[in-house]
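Report on the following structure.
The values are calculated or read from the model by the stated rules, or taken from the named source; none is laboratory data. Keep in mind that what you see is a predicted model, and the values were worked out from it rather than measured. FYI the Cβ positions are ideal-geometry reconstructions off the backbone, even for glycines, and counts take in every protein chain you see.
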């Protein structure tokens, strides 16, 4: 990957959309799928899905929650076998044709299985909704581990060809260092993956897929949870992959971020009723002209009612705390707040997350309060510490300084269960359910009856088989009616038709106050 080019040079060299489409039409097909079918139990997810991909093409894959977007990505990356249909790959000069259902002799042959490893060797890679880095490895090692065909993977080579192994490791190290520099992470090569922001982890995940030799890259919500700067950074990386390396991209993205992806996309696959319809980005853009992604706070205020008053409070590190109250009177001026933070400082290991200051060897904790009847929305850049703040409030991690006060009493020394007993609840950001359990089993563990669950979600399905949006809906349906409710990115992955319904479920729980954590738009 090369350095980012300037805006002026891009304007001089980038062809128009029409010219680009002509160039794509002259390129070979790298992927062809025909009549893919997949069902989970009695629920049909894919029902004759067909499409083609050309080298260097960028496709936006969209569809409602549960329409089968993640299922399709799992199939095309070898992580799930379809019930019927065919997949034809023609990448890196090789041609592979998979037909389903597989015949018995194809499954007997150990070299002819349809597996993620085999598909990856053919030049297909993917990233996941939940970024799957090795937290204890450095960023450089997270990328280097994906290098295909490493000699060091063989014990024979390690023992008898140690020099070759060392030379290859040195070469891989140089390559990963160059990739990290191109990502703007050159000074973090030796940092462990658990000490970087969400936006940085997503950049590393993309680089790892490219390191593995991906020529077709499926990205499952690469912009989800990112602030504006993080979104711009990831989109520029994707542009470089297409412009300089002709990598083919298929991007699944949340409805709030679809307008940003349309700037990059050559075509749109709309997945509905199990089938794929190919549409133009210009046509799809007209359907998203009223996107709410630019002002989430104003949208929440609109849902709360026409008389909602809004106040703005700046916090250290570029964060903003918005306070919304249905009654304009005394908005933000309550004499005795329901919840208050005073000079809070929080560390993760040796690294200070909350309470950082620009002055060396100094600290400045954050302070704010939330009154009864208020819905507070905290917007902050990625890496600011939103999730760390939520975990500190409920007692999942200790604080290094400051005070937490709930209903006039200090709670920072109380254990997690005692804070829960005092009616403080947290709904974490995504993937807080047990994937091997069914939805109904998770509901029983959460102590809820499931009456608030979306009717389209089968309670008997394993959580691991649900789409990201369905999982998030299930999480919100299991939220408890606590006095103080904390929600970490509660609407991420939920499609446009269900966002309002899902948020209203939060407000109907009867919280006395709510704190919502979201990234900067």
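Here are a few things to note about the model shown:
- For segment 63-108, the set of residues classified as surrounded by 15 or more Cβ atoms within 10 Å (Cβ to Cβ), on the phi > 0 side of the Ramachandran plot and either assigned to a loop (DSSP other than H, G, I, E, B) or not assigned by TED's automatic domain parsing to the domain that holds residue 51 (or both) consists of 63, 66, 68, 78, listed by residue number.
- The conditions of being modelled with pLDDT under 90, under 22 Å from residue 355 (Cα atoms) and outside any helix (DSSP H, G or I) are met by residue 382.
- Top-ranked residue of segment 503-519 - restricted to ones that are surrounded by fewer than 18 Cβ atoms within 10 Å (Cβ to Cβ) and more than 15 Å from residue 473 (Cβ to Cβ), ranked as nearest to the chain's Cα centre (by Cα): 507
- Helices (runs of 4 or more DSSP H) contained entirely in segment 186-280, each with at least 3 residues that are within 18 Å of residue 132 (Cα to Cα) and in contact with a strand residue (DSSP E or B) (Cβ under 9 Å, 6 or more places away or on another chain): 198-211
- Sole residue being closer than 22 Å to residue 346 by Cα, without any contact (Cβ under 8 Å) to a residue 40 or more places away in the chain and either assigned by TED's automatic domain parsing to the domain that holds residue 365 or surrounded by 17 or more Cβ atoms within 10 Å (Cβ to Cβ) (or both), chosen from 403, 441, 418: 418
- Remark: pairs (first residue in segment 70-99, free of Cβ contacts under 8 Å to residues at least 40 places away in the same chain; second residue crowded, with 21+ Cβ neighbours inside 10 Å and part of a strand (DSSP E or B); Cβ separation under 6 Å; 6+ apart in sequence or on different chains) = 96/89; 98/87.
- Residue check for residue 368: crowded, with 21+ Cβ neighbours inside 10 Å, in contact with a strand residue (DSSP E or B) (Cβ under 8 Å, 6 or more places away or on another chain), assigned by TED's automatic domain parsing to the domain that holds residue 482 and at pLDDT 90 or above: no
- Residue 389 under 28 Å from residue 202 (Cα atoms), modelled with pLDDT of 90 or more and either in contact with a helix residue (DSSP H, G or I) (Cβ under 8 Å, 6 or more places away or on another chain) or part of a loop (DSSP other than H, G, I, E, B) (or both): no
- Criterion applied to 30, 59, 45 was being at pLDDT below 95 and closer than 18 Å to residue 247 by Cβ, and the one residue passing it is 30.
- For segment 417-441, filtered to residues that are in contact with a helix residue (DSSP H, G or I) (Cβ under 6 Å, 6 or more places away or on another chain) and in a helix (DSSP H, G or I), the residue that is nearest to residue 482 (Cα to Cα) is 419.
Per-residue answers, yes or no, for (1) free of Cβ contacts under 8 Å to residues at least 24 places away in the same chain; (2) outside any strand (DSSP E or B); (3) more than 23 Å from the chain's Cα centre (by Cα); (4) under 25 Å from residue 24 (Cα atoms):
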site: 35; (1), (2), (3), (4): no, no, yes, yes
site: 49; (1), (2), (3), (4): no, no, yes, yes
site: 52; (1), (2), (3), (4): yes, no, yes, yes
site: 59; (1), (2), (3), (4): no, no, no, yes
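Rundown of residues vs (1) over 23 Å from residue 125 (Cβ atoms); (2) free of Cβ contacts under 8 Å to residues at least 24 places away in the same chain; (3) under 20 Å from the mean Cα position of the chain (by Cα), yes/no style:
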site: 231; (1), (2), (3): no, no, yes
site: 237; (1), (2), (3): no, no, yes
site: 240; (1), (2), (3): no, no, no
site: 253; (1), (2), (3): no, no, yes
site: 259; (1), (2), (3): yes, no, yes
site: 265; (1), (2), (3): no, no, yes
site: 274; (1), (2), (3): yes, no, no
site: 281; (1), (2), (3): yes, no, no
site: 285; (1), (2), (3): yes, no, no
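- Test: residue in segment 122-144 that is exposed (fewer than 14 other Cβ atoms within 10 Å of the Cβ) and more than 32 Å from the chain's Cα centre (by Cα): no
- Exactly one residue out of 195, 208 is crowded, with 20+ Cβ neighbours inside 10 Å and over 12 Å from the mean Cα position of the chain (by Cα), and it is 208.
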